[in-house]
């Protein structure tokens with residue numbers, strides 16, 4: 001190996017490290033957190049709708065929403081890994097190891113904020129308080145989970161485990177081309193639109 005080639009490899013490795021710890025690390029952490037946040041939001045709303053539809057009390061609705069948040073959070077993180085060519089079970093195993101602490105942090109903070117807001121837990125989907133408290137709790141959950149994801153990635157854990165699959169530059173083949181892989185900005189826009197739409201509908205009702 002020539003000295004020039006070795007120096008080039010060292011430069012590339014150093015640059016990759018800087019990207020991982022710097023702006024690249026922030027972008028990866030934001031992406032991972034938004035995937036978890038979107039899944040948590042979908043799971044919690046779904047749990048609330050099911051709970052209200054079948055007449056469950058808070059004691060049953062809260063654990064249901066908590067569990068569904070994990071289901072949808074894992075699902076949204078698994079999709080891009082499957083799209084990259086990894087078998088579903090292998091992708092799910094990778095995501096379970098990568099996202100569990102992030103989702104757990106998010107759910108603990110999210111539910112803690114809702115419990116701290118008077119009347120938020122009892123507010124139904126037609127109550128503006130539900131949507132306002134949801135927006136506040138999800139914002140707090142993102143703020144809490146973001147440093148957790150960045151801390152994990154700095155140690156080669158968390159989202160770093162799925163990074164090589166999700167950002168490896170390989171084009172998906174066959175049916176995998178149809179597996180969705182929404183951009184973080186799209187996920188953020190969906191969350192915002194959903195919360196605003198729900199708030200406006202509750203105010204109109």
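Of note:
- Residues in the range 113-136 that are crowded, with 19+ Cβ neighbours inside 10 Å and either in contact (Cβ under 8 Å) with a residue 60 or more places away in the chain or under 13 Å from residue 41 (Cβ atoms) (or both): 114, 130, 131, 133, 134.
- Scan of the range 72-84 for residues that are under 13 Å from residue 37 (Cα atoms) and touching a helix residue (DSSP H, G or I) at 6+ places or on another chain (Cβ under 6 Å), ordered by number: 72, 73, 74, 76, 77
- The sole residue among 59, 69, 87, 91 that is out of contact with any helix residue (DSSP H, G or I) (no Cβ under 8 Å at 6 or more places or on another chain) and modelled with pLDDT of 85 or more is 87.
- If you filter the range 170-186 down to residues that are within 13 Å of the chain's Cα centre (by Cα) and modelled with pLDDT of 80 or more, you find that the one that is surrounded by the most Cβ atoms within 10 Å (Cβ to Cβ) is 186.
- In the range 67-112, the qualifying residues are those that are within 17 Å of residue 42 (Cβ to Cβ) and more than 14 Å from the chain's Cα centre (by Cα), and the one that is surrounded by the most Cβ atoms within 10 Å (Cβ to Cβ) is 111.
- Selection of first residues in the range 174-188 that are farther than 19 Å from residue 30 by Cβ and of second residues that are exposed (fewer than 14 other Cβ atoms within 10 Å of the Cβ) and at pLDDT 80 or above, restricted to Cβ pairs under 9 Å at least 6 apart or on distinct chains, gives an empty result.
- Scanning the range 69-111 for residues that are in contact (Cβ under 8 Å) with a residue 24 or more places away in the chain and part of a loop (DSSP other than H, G, I, E, B) gives 84, 85, 86.
The values are calculated or read from the model by the stated rules, or taken from the named source; none is laboratory data. Small disclaimer: the values here were computed from a predicted structure and weren't measured. Neighbour counts are summed over all protein chains in view; Cβ atoms, including those assigned to glycine, are modelled from backbone coordinates with ideal geometry.
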